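The values are calculated or read from the model by the stated rules, or taken from the named source; none is laboratory data. Just so we're clear, the structure is a prediction, and the values are computed from it rather than from any experiment. Here the Cβ positions follow ideal geometry from the backbone for every residue, glycine too, while neighbour counts run over all protein chains shown. Side chains are part of the model used for accessible areas, which takes the heavy atoms of the whole protein and leaves out ligands, DNA and RNA. Shrake-Rupley method; radii C 1.70, N 1.55, O 1.52, S 1.80 Å.
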Amino acid sequence: MQCGAFADTPEDRGLCRRCLEQVPRLDRHAVCEKCGYPLPVAGIAGCCPICAETDFPFDLARAAGPYEPLLREWIHRYKFDRQTGLHLPLGRLLAAEYHRTMAGLDFECVTWVPLHPGRLRERGFDQARLLAKTVAGAAGRPLRRLLKRTRATAAQSSLPLTGRNANVRGAFAPTRACAGLGGALIVDDIFTTGATLGECARALLAGGVERVYVLTLARVVLN
């Protein structure tokens, strides 16, 4: 899907700025004020049907683009083909979304959805942590490990939507660094149903964080 142009800078690492600009924005019409899900009619404000049925524990979530062929291919190359250099241009995409929609939020640090140690050994790198590092730099906030996995879980992508909440329930715990934090921004690659990110937010709140925000590369838009 890449255009084959030469990179403008070493940070482009396989995705030029022109290709990144092709990713459609979710807020080209109207989005849910809380979770950022695109609403069907331009000009409608307020809550989406998903938030109407789900009490997400985070305060706000936004994504850089929809989980459609362009962004999906880049994420798969990054995560599964181990093209780790893609964390730089994909991180810039996240940083641009942060500046566009989240720069005014009140939080003290950036964190990420951690891999289980076994999965980390298998993959060789933590894709969310690399992305979060770029966002932290763009936001001018420190990157802190606020979450840890308490058990291994099946890959969410292998489960039906109805089984994802149970799969991750209790799978995360806060670290001591959560105590006394006013706000934290969680970074991950994909927001599908919100089960994983919701569970992470619950863990952070239980650990003492007062406000939790979410930023992902892609958001699955259901038909």
Task: Accessible-area value, Lys79, 1.4 Å probe, nucleic acids and ligands omitted, Å² - done: 30 Å²
Open item on the list: What is the percent carbon and sulfur in the accessible area of segment 26-141, measuring with a 1.4 Å probe over the protein chains and ignoring ligands?
Closed with: 52 percent
Open item on the list: Students often forget the sequence filter, so: which aspartates and glutamates lie under 19 Å Cα-Cα from Lys79 once same-chain residues fewer than 8 apart are removed?
Closed with: Glu11, Asp12, Glu68, Glu122, Asp126, Asp188, Asp189
Open item on the list: Give the lysines reachable from Lys34 as a straight Cα distance under 22 Å; neighbours fewer than 8 places away on the same chain don't count.
Closed with: none
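Taking a probe of 1.4 Å, how large is the accessible area per residue of segment 24-100, in Å²?
On the way: 3650 Å² over 77 residues.
So segment 24-100 comes to 47 Å² accessible per residue, rounded to a whole number.
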Task: Estimated vicinal HN-Hα couplings, Hz - segment 183-189 in sequence order (Karplus 6.51, -1.76, 1.60; Gly, Pro = x) - done: x, 9, 10, 8, 10, 8, 7
- [ ] Between Glu68 and His99, with labels modelled 7 Å along Cα→Cβ, what's the label distance in nm to one decimal, could you check?
- [x] 2.4 nm
